[in-house]
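Beneath this line is the structure, given in structure tokens, with notes to follow.
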Amino acid sequence: MAILAITKSYGSGGNEIGRSVARLLGYEYVSLRKILKETRKAGGAWERCSSECGGEATYPDIWWSFTGFMTLAQSVIMNYAEQDNKVIMARGASALLRDIPHALRVRITAPVEYRVQEVMRKEDIPLETARLIVKEADRAIHGTMSRIYGEDWNDPDAFDLKFDTSEMSIAAVAEAIENALGEKEKLNTEEAKRLLHLHAVAAAVKAGIATNPGFLIPTLEVDVEKNALTLRGLVHSIGEQNEIEKEAAKLASGVPVTFDFHRREARETPDDADSEQQS
């Protein structure tokens with residue numbers, strides 16, 4: 001079956017639409033809360049190790065925690081996607097599934113003031129509080145899409161479909177999505193499933209490397225190229241490179257892996273230069 005990834009603006013009714021589509025098609029509704037719960041479960045050992053480091057947070061600790069959490073969440077999303085028959089409610093799902101033919105990527109939104117009124121009504125809160133919540137939620141989603149996934153929230157090519165719930169009812173949007181999923185299902189071929197599997201393995205490899213306390217490689221990227229994975233990034237030494245390559249091959253579970261690593265060159269300090277001249 002086709003996969004549905006919904007990215008919503010806060011207060012637009014995206015959750016209700018996702019649940020409606022799931023009921024209509026018998027899909028599993030995968031909420032952001034469920035994804036985060038699975039992420040914490042997957043990262044249990046990593047979180048314990050991180051907490052045992054002790055002391056004040058340093059740059060590597062901060063980077064490791066943030067990147068580790070995000071890569072684990074991405075891997076959880078891809079695991080759900082590979083199971084098919086899923087409505088995935090996560091702002092990064094659309095970006096992660098951009099190359100998957102049978103994935104329908106949908107944006108649900110509405111004008112700011114419309115959403116403010118909806119939040120105020122549904123949550124029974126003051127107008128200014130609702131406006132602040134919507135503003136902060138919009139800022140967060142813009143930041144996530146841009147900083148983590150390199151996509152512009154307003155780019156029409158970032159989604160297959162866009163719906164404005166101030167102009168359409170939730171039932172009408174759900175019906176339109178149901179029809180579009182029927183068309184996407186025609187693209188659910190063995191080749192498409194293989195491509196999805198490769199992307200899921202790539203996410204698992206990246207999460208495994210990013211949450212390994214023995215590695216610190218902020219520039220790590222894991223790309224799907226034809227029927228293999230390619231790891232790219234800057235490493236500190238040939239020893240670290242060899243260890244990462246061994247770990248990646250193990251995590252890839254039989255999927256071919258190639259490497260395009262570059263090593264950081266040690267910079268010569270003024271003291272080093274003086275020492276050489278004196279000798």
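List every residue pair whose Cβ atoms sit under 6 Å apart, with the two residues 6 or more apart in sequence or on different chains, where the first one lies in segment 143-165 and is in the same structural domain as residue 101 (by TED's automatic domain parsing) and under 20 Å from residue 71 (Cα atoms) and the second, anywhere, is among the aromatic types (Phe, Trp, Tyr) and surrounded by 14 or more Cβ atoms within 10 Å (Cβ to Cβ).
So the pair list comes out as 145/153.
If you scan segment 77-96, which residues turn out to be in a helix (DSSP H, G or I) and either surrounded by fewer than 20 Cβ atoms within 10 Å (Cβ to Cβ) or touching a strand residue (DSSP E or B) at 6+ places or on another chain (Cβ under 9 Å) (or both)?
77, 79, 80, 81, 82, 93, 94, 95, 96
Residues 190, 185: which one is more than 16 Å from residue 257 (Cβ to Cβ) and touching a residue at least 60 places away in the same chain (Cβ under 8 Å)? Break it down stepwise before answering.
On the way: 190 fails: touching a residue at least 60 places away in the same chain (Cβ under 8 Å).
On inspection, the qualifying residue turns out to be 185.
Report, by residue number, each residue of segment 217-245 that is free of Cβ contacts under 8 Å to residues at least 40 places away in the same chain, aliphatic (A, V, I, L, M) and not in a loop (DSSP other than H, G, I, E, B).
222, 228, 229, 231, 234, 235, 238, 244
Can you tell which of 71, 39 is modelled with pLDDT of 70 or more, in contact with a Phe, Trp or Tyr (Cβ under 9 Å, 6 or more places away or on another chain), among the hydroxyl-bearing types (Ser, Thr, Tyr) and assigned to a helix (DSSP H, G or I)?
Details: 71 fails: in contact with a Phe, Trp or Tyr (Cβ under 9 Å, 6 or more places away or on another chain).
Testing whether each residue is modelled with pLDDT of 70 or more, in contact with a Phe, Trp or Tyr (Cβ under 9 Å, 6 or more places away or on another chain), among the hydroxyl-bearing types (Ser, Thr, Tyr) and assigned to a helix (DSSP H, G or I) leaves just 39.
Any idea which of (1) modelled with pLDDT under 95; (2) under 16 Å from residue 208 (Cβ atoms); (3) not basic (Lys, Arg); (4) not in a helix (DSSP H, G or I) is the one residue 255 doesn't satisfy?
(1)
Please pick out the residue among 156, 126, 101, 111 that is at pLDDT 95 or above and either exposed (fewer than 14 other Cβ atoms within 10 Å of the Cβ) or in contact with a Pro (Cβ under 8 Å, 6 or more places away or on another chain) (or both).
126
Restricting attention to segment 228-248, which residues are in contact with a helix residue (DSSP H, G or I) (Cβ under 7 Å, 6 or more places away or on another chain) and either crowded, with 18+ Cβ neighbours inside 10 Å or modelled with pLDDT under 95 (or both)?
Answer for segment 228-248, where residues must be in contact with a helix residue (DSSP H, G or I) (Cβ under 7 Å, 6 or more places away or on another chain) and either crowded, with 18+ Cβ neighbours inside 10 Å or modelled with pLDDT under 95 (or both): 229, 231, 235, 244, 248.
Taking only segment 129-153 into account, find how many residues are surrounded by fewer than 12 Cβ atoms within 10 Å (Cβ to Cβ) and more than 18 Å from the chain's Cα centre (by Cα).
The qualifying residues number 1.
What residue, among those in segment 203-224 that are of a type in the set (S, T, N, Q) and surrounded by fewer than 21 Cβ atoms within 10 Å (Cβ to Cβ), is farthest from residue 82 (Cα to Cα)?
Top of the filtered list is 219.
Only residues that are under 24 Å from residue 75 (Cβ atoms) and in contact with a helix residue (DSSP H, G or I) (Cβ under 6 Å, 6 or more places away or on another chain): list them for segment 175-196, please.
Of everything in segment 175-196, just one residue is under 24 Å from residue 75 (Cβ atoms) and in contact with a helix residue (DSSP H, G or I) (Cβ under 6 Å, 6 or more places away or on another chain), namely 196.
The values are calculated or read from the model by the stated rules, or taken from the named source; none is laboratory data. Being a predicted model, the structure only gives us computed values, none of them experimental. Counting neighbours? That spans all protein chains shown, and the Cβs are built from the backbone with ideal geometry, glycine included.
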